[in-house]
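The values are calculated or read from the model by the stated rules, or taken from the named source; none is laboratory data. Since the model is a prediction, treat every value here as computed from it, not as a measurement. When we count neighbours, we look across all protein chains shown, and the Cβ atoms used for this are built from the backbone with ideal geometry, even at glycine.
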Amino acid sequence: MTDSLLEIADRLYGLPLADFTPARDALAKEHKTDKAFAARIKALKKPSLAAWVVDLLVRRDAAQVDQVLSVGAALREAQANLDGEELRALTRQRRQLTAAVTTQARGLAHDEGVRVTQAVADQVEATLTAAILDEGAATAVRSGLLVAALTATGVGTADIAGALAVPEARGFVAAPREATPPPRPDLHVVPDPEADHKARRAATEVVHEAQAEVEAAREALTAAAEEVDALQARSLQLQAEVDELRGRIAQLESDLEENDDELADAEDVRSEAADTVAESEAALARAESALARLTDR
């Protein structure tokens, strides 16, 4: 009976990370008679290092993962019930648990000969936190078929579609995987003539990786410094504009006060002029009346 894509994916994502691509390509060739199915196998993405570490944890220490998921279920229930005290206690437990399980996951990767940097460990812990906060993310983690790390804020639903090897992985539970047995001891110890060369090469790789991390950190520092400089310049510009506007407001208030004084004077003059007009009109009326009486004689 032909294995399903899920069964094939389960085997592939349980392999050491370095073995994934050649094993996937070999399986695709084995199924070349079914071109569509072979293409689906070939399309399976190699997991990121953080996703592979989580997948390894799921297969090697399912009890730890189940503990994380049980805390997540309790936390979501406390949120639904608005139980503040229990929510605070579970939140503290969540932080302690994800940190401890991440350390365990780094140890499992180390046993497989894989070095996990702090940046990758942060992604692993973020994925475990997402599994606690979001039920969909919990299902994705338990599948053991992650190809990318997850993040969740607890608000809304985590986007897990692009983080799963296949859509059918929702609800799938990864098969457990035993630790890689240590190599059998060689009873005839033969000096490795390339030991020094291999050691130098390994040390060189470590140096190159450290240099890459330093370079990335420096680039991040440069970008942050440029952002700070730009914001400081913008702040100075805005402060200058504020000072200018305050000066303008002060001048306008002075002009307004002066105008109010002139307005009061003008209103007094208008009032006096109105009185004069009224008096003049009254005098005119008296004069016209007197002229009319003289004319009638």
Residues within the range 1-54 that are aliphatic (A, V, I, L, M), touching a residue at least 24 places away in the same chain (Cβ under 8 Å) and in a loop (DSSP other than H, G, I, E, B), tallied: 1
For Val116: the one exception among (1) part of a helix (DSSP H, G or I); (2) closer than 26 Å to Ala216 by Cα: (1)
Only one of Ala119, Ala89, Ala80 that is assigned by TED's automatic domain parsing to the domain that holds Pro16, surrounded by 12 or more Cβ atoms within 10 Å (Cβ to Cβ) and free of Cβ contacts under 8 Å to residues at least 24 places away in the same chain: Ala89
